[in-house]
Amino acid sequence: HVLRVVPRGTHDWRKFVAPAELRDMMRAAGAEPVDCRGLVLDPLRNRCHLVDCDFGLLRNAGVQANYIMAARKHG
């Protein structure tokens, strides 16, 4: 809520699915995760950028809250 991008109460952190949990769910469903990218907000330009999981100086900075993941289904 620091940047006031979304209204207070929009997120419920108890429902957040961490990237490792999503990878496990994908594997349990017979798919192999192939890529994970974080979404980082640039508030000065009002844009989001895709970043690698090990972005910059902070490990996993891009996937702390906003990320996308792709998987390939086996068979």
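The values are calculated or read from the model by the stated rules, or taken from the named source; none is laboratory data. Quick caveat, the model's predicted, so the values are computed rather than measured. Heads up, the Cβs are rebuilt from the backbone with ideal geometry, glycines too, and the neighbour counts pull from every protein chain shown. Surface accessibility is based on the protein's heavy atoms, side chains included, excluding ligands, DNA and RNA. Shrake-Rupley method; radii C 1.70, N 1.55, O 1.52, S 1.80 Å.
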*With respect to ARG37, determine if the residue is free of Cβ contacts under 8 Å to residues at least 24 places away in the same chain and either open to solvent by 80 Å² or more (accessible area, probe 1.4 Å) or not in a helix (DSSP H, G or I) (or both).*
no
*Within the range 55-75, can one find any residue that is surrounded by fewer than 10 Cβ atoms within 10 Å (Cβ to Cβ) and modelled with pLDDT of 80 or more?*
yes
*Answer yes if at least one residue in the range 32-41 is among the aliphatic types (A, V, I, L, M), farther than 15 Å from ILE68 by Cα and at pLDDT 90 or above, and no otherwise.*
no
*Out of curiosity, is CYS48 at pLDDT 80 or above and open to solvent by 60 Å² or more (accessible area, probe 1.4 Å)?*
yes
